[in-house]
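Worksheet: one structure, shown below.
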Amino acid sequence: MKTIKGPAIFLGQFAGDAAPFNSWDAITKWAADAGYLGVQVPTWAGQLIDLKKAAESKTYCDELAGVARQNGVEITELSTHLQGQLVAVHPAYDEAFDGFAAPEVRGNPKARQEWAVQQVKYALKASNNLGINAHATFSGALAWPYFYPWPQRPAGLVETAFDELARRWKPILDYADSQGVDVAYEIHPGEDLHDGVTFEMFLERVGGHTRANMLYDPSHYVLQCLDYLDHIDIYKDRIKMFHVKDAEFNPTGRQGVYGGYQSWVNRAGRFRSLGDAVDSARSSRRWPPRLRRLGRGRMGMRTQAPGRRCPRRRRVRQAPHHPGHGPRLRRLRRRRHRRCRQPAHARALRGGVRLSP
């Protein structure tokens, strides 16, 4: 626990035009009043941060951090989830993702990518100016339209896509190394890096780069029916950051993992994004009692957005076992459930997760 920052809240889902979410001073006061000790900053939210200025001026960064500290929170990380997504966009998604970019580069994929790369580099430099050594982002996706192989993919298509993904990110990772900042890719459906195997494919192509790391969010693993506890054991040396939120998977006879094109609230698998808690490395302060909301579901730790009531009996559920499964499997399931009821952060620490270099 001595190396964990937080609890912190990701401001990306709150920043907007209405008070108190429309200025840096007001939103940091709001976060502190809600009981958080830190904030993860969305660098695309111009009302909160001038990213270019933060990259060019340490004085500006000191002022930004000073306002936050005066209001009772620390800046835990900067995020370029949207800009990182634009580093690698498949043409099928050009129109959908164009809105993430600055107006002057929309409709021009090449200019948009160059803008996105520069934005990520600005954020890495700004992280250095702020004294932060980890950065949150998305990898983007060139192969995602082909994730389900029907019709069968042409031989070499995925390999070519990952070669190109690595080619685009390798210079950014090298720049991150020059700034002393880890790049923590959120492993997320919709991204080419959406599970452990795809992360390894990428890591191999960037030569095992020490700055290529993970942002761990088990809610995205639940929806893939991936073993998120074993994932910690496998990748403990690459996990530099994590998100915590509720998730559930409730398959029926009508729908399962893919959700039947239904709206978010009607899908079998969902996670609650509003009020994501972000916990990262390098702080020894204790968590306030009001934020020790430890659920009994498989997610272990639960936090809620200020002003929203947390469902008392919400659980992370998985598909029931087939009636034909034997008593040994049922015993293993009960044993696993007892283990999963422990707080997620406690399991992670017991498993030896190193969240800081």
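Computed from the coordinates by the stated procedures, all read-outs in this text should not be read as laboratory data. Keep in mind that this is a model prediction, so the values were computed, not measured. FYI the Cβ positions are ideal-geometry reconstructions off the backbone, even for glycines, and counts take in every protein chain you see.
Under 5 Å from the amide H of Asp182 lie the amide H atoms of Ala134, His135, each residue being 5 or more positions distant or on a separate chain, with H modelled from the backbone and absent for Pro and chain starts.
How do Asp246, Asp50, Asp17, Asp33 rank when sorted from fewest to most other Cβ atoms within 10 Å of their own Cβ? Least to most surrounded, the residues fall as Asp17, Asp33, Asp50, Asp246. In order along the range 170-187, phi translates into HN-Hα couplings of 4, x, 5, 5, 5, 5, 4, 5, 5, 9, x, 10, 7, 9, 9, 6, 6, 7 Hz, rounded to whole numbers, per the Karplus curve 6.51 cos²θ - 1.76 cosθ + 1.60 with θ = phi - 60° and x for Gly and Pro. Students often forget the sequence filter, so: which lysines lie under 18 Å Cα-Cα from Lys121 once same-chain residues fewer than 8 apart are removed? Excluding near neighbours in sequence, the set is Lys52, Lys53, Lys58, Lys110, Lys170.
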